[in-house]
Amino acid sequence: MSDYRIHGATGEWEVVIGLEVHAQVTSNAKLFSGASTAFGAEPNTQVSLIDAAMPGMLPVPNRECIRQAVRTGMAIEAEIHKWSRFDRKNYFYADLPQGYQISQLYHPIVGEGSLLIEADEKAGIPEDKVIGIERIHVEQDAGKLMHDQHPTMSYVDLNRCGVALMEIVSKPDMRSPAEAGAYVRKLRSILRYVGSCDGNMEEGSMRADVNVSVRRPGEAFGTRTETKNVNSVRFVMQVIEYEANRQVDVIESGGTVVQETRLFDPNTGTTRTMRSKEDAHDYRYFPDPDLLPLVLDDSFLEECRASLPELPDAKRRRYEEQLGLTPYNARELTAEVETFARFETLLAATAAKIGKPEAEVATPVANWALSVAPGVVKGLGEEADMANATAEAQASILAMQDRGEISGGQAKEIYEIVLREGGDPETIADEKGLKQVSDTGAIEAAVDEILAANADKVEQYRGGKDKLFGFFVGQTMKAMQGKANPAVVNRILKDKLG
C-alpha cells in the first residue's frame, strides 16, 4: 500500500485516483471512413463526407481499428466481448459535425482486465500493485477548435474528427501521484509493444482524463472532479497533487467539492473549472441505428491473440531468469520498445562475435547499453553521429573487452572515436595504440623494476600491510602508460610478492 497522504489542518486525507486514457488507434484510416489519420496535415485536408456529417453518409467500421482494440484487451488479460454495440452520445459542440459522438457505453468491446505496476521505493511505490481496468471501448474523436487572438473568431479543424480512439478506463485503485504515473507509463509501454497506439502524448495520440477525490482513510469515496486531456505523465502527477490539496482545502474551510470537469494549466501547475460534470443520462445515449452490433468469431480472436508479441512483464521475467540480469536492468531494458530492440540486436551481435551463448554475455551487454554507451553519447553531445553506433561496431568493442585486449576506459575512448569519425573499432584500437599489453615478459620487467625501487614497501607488504598491493598495481600501470592488462598485472604481482 502507498503511504501517500495529504496532511490537512484537521488530519490526514487519502487520495483516490481513476484514469480514463484515450489512446489513438494505430490505423491508416479513421474508424468509420477512409480518410487519412496522418499527423500534421494542413487543416481540413483529411476529412471525408462521413467525417463532415454530410446527409446520407453511412459509417462502416474499420476492421483494423477493432482488431487493435481486441489485441490491446488481450494484452491486459481482459475479457473480450464477442458481441458489442455502438451508441450515439448526443451533445452539441462546434467540433462535432454530427451533433453526437459514436461510442460504446452499454456494451463495450473489452471488459475487465488489470495492469501490474512494479515496486519502486525511490518513486514512492513500496510494493508491486495490480490496478484494475474496468473496460476499453472504441469511439471516434472530435475535431479541434483553434481560437484567434480576436476575441470573437474561432476556427474548426476536422482532420482529427472520426479518428479511432480506445478509451481505457481504470478502476479507482490508485492512491498516489506516483502510482498514477507508473500506471500511465506501463500502459503506454504495453500499447507500444502491441503496436495499437504510438503513445505520443505530445501529439495528442495518448492523453488522460484524471479523476481525483479525497476522503478520510477507510471512509466512502468523496466527490470527484475530472481534469480533461492531460498529455504527459508529469502533468498527470501534477494534476493529482494540486487537485487533491485543493479539495482538502475546500472541505476543511467548510466548503463542498463540486463534481465538475476541469482543465489543467501547465504554466501554473493549477486546474480551473471548465463546466459542471454531466452524468451519462445527460448525454442521451441510444444505440446507433446506422451500425449493426459487432460480432467477433473465434478465428478472428485466435488471429488477434497469435499476433501479440512478448509483452513487458514476460520479457522482464525472461531477462531475469534466462539471461541472469538484475531486476533493475531487466526493468530498464524492457520499459520501452526501442530500448529492448536495441539491446536484443546488440546481444545477438555480441554473442556471435565472441562465440558464447547470449546468457554468458548478457550482463556486460546490458551494462554497456544502459550506462556506458549512453554516457559516451551524452559526453560528446552534438559531435556524436548516431549513424555510426551500429550493433556490429559496439559488439566489436565488447568482444575486445571480453578477450582482455582493452580496458573499460579504452572501450569508451574507442567508442568516442567511432561516434565522431566512424571506422572499424579493432583498426582504431591498433592504430591509436589503445590495446592493453598482455605480454607477460614486458609486464614482469616493469614489476621487477618497481619492486627493486621500493624494497622497503615490499618488506612492509610482506609484513602484513596488504593495502600496499594497490600501490604496486598503480606504479606498474603508470610504468606501462596505463596499457597493461590489469588481470595480468595482478597475477604477476601476487606471484612475485608472495
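The values are calculated or read from the model by the stated rules, or taken from the named source; none is laboratory data. Small disclaimer: the values here were computed from a predicted structure and weren't measured. Using ideal geometry, Cβ is built from the backbone for each residue, glycine included, and neighbour counts are taken over all protein chains shown.
Against the numbered list (1) farther than 20 Å from Asp3 by Cβ; (2) part of a loop (DSSP other than H, G, I, E, B), Ile251 comes up short only at (2).
Scanning segment 56-73 for residues that are β-branched (Val, Ile, Thr) and either farther than 20 Å from Asp288 by Cβ or outside any helix (DSSP H, G or I) (or both) yields Val60, Thr72.
Only helices (runs of 4 or more DSSP H) whose full extent lies in segment 286-366 are considered here, and the ones with at least 3 residues that are within 29 Å of Ile109 (Cα to Cα) are 298-306, 312-321.
Hey, among the residues in segment 259-277 that are β-branched (Val, Ile, Thr), touching a strand residue (DSSP E or B) at 6+ places or on another chain (Cβ under 7 Å) and surrounded by 13 or more Cβ atoms within 10 Å (Cβ to Cβ), which one's farthest from Asp209 (Cα to Cα)? Please lay out each step first, then the result.
First, pick out the residues of segment 259-277 that are β-branched (Val, Ile, Thr): 261, 268, 270-271, 273.
The next check asks that each one be touching a strand residue (DSSP E or B) at 6+ places or on another chain (Cβ under 7 Å); those that pass are 261, 271, 273.
Then drop every residue that is not surrounded by 13 or more Cβ atoms within 10 Å (Cβ to Cβ), which leaves 261, 271.
Numbers: Thr261: 9, Thr271: 13 Å.
Per the criteria, the residue is Thr271.
Per the listing Gly423, Gly379, Gly433, Gly409, the residue uniquely in contact with a helix residue (DSSP H, G or I) (Cβ under 8 Å, 6 or more places away or on another chain), surrounded by fewer than 13 Cβ atoms within 10 Å (Cβ to Cβ) and more than 19 Å from Arg491 (Cα to Cα) is Gly379.
Residue check: Gly464 meets all listed conditions (1) more than 46 Å from the chain's Cα centre (by Cα); (2) not in a loop (DSSP other than H, G, I, E, B) but one, namely (2). Kindly indicate whether any position in segment 379-401 is touching a Ser or Thr at 6+ places or on another chain (Cβ under 8 Å), at pLDDT below 95 and either part of a helix (DSSP H, G or I) or under 30 Å from Tyr319 (Cα atoms) (or both). The answer is yes, given that some residue of segment 379-401 is touching a Ser or Thr at 6+ places or on another chain (Cβ under 8 Å), at pLDDT below 95 and either part of a helix (DSSP H, G or I) or under 30 Å from Tyr319 (Cα atoms) (or both). Do we have Leu31 as in a loop (DSSP other than H, G, I, E, B) and either in contact (Cβ under 8 Å) with a residue 12 or more places away in the chain or within 28 Å of Asn200 (Cα to Cα) (or both) here? The answer is yes for Leu31. Taken over segment 478-491, the criterion of being over 20 Å from Asp402 (Cα atoms) and surrounded by 15 or more Cβ atoms within 10 Å (Cβ to Cβ) is satisfied by Ala479, Met480.
Collect the residues in segment 5-36 that are modelled with pLDDT of 95 or more and either in contact with a His (Cβ under 9 Å, 6 or more places away or on another chain) or β-branched (Val, Ile, Thr) (or both), keeping them in residue-number order. Residues satisfying the conditions are Trp13, Val15, Val16, Ile17, Val21, Val25, Thr26. Looking at this structure, is Ser205 among the hydroxyl-bearing types (Ser, Thr, Tyr), out of contact with any strand residue (DSSP E or B) (no Cβ under 7 Å at 6 or more places or on another chain) and assigned by TED's automatic domain parsing to the domain that holds Val184? No; evaluated as a whole, the condition is false for this residue. Filtering Val47, Val60, Val16 for residues that are under 26 Å from the mean Cα position of the chain (by Cα), of a type in the set (A, V, I, L, M, F, W, C) and in the same structural domain as Ile251 (by TED's automatic domain parsing) leaves a single hit, Val16.
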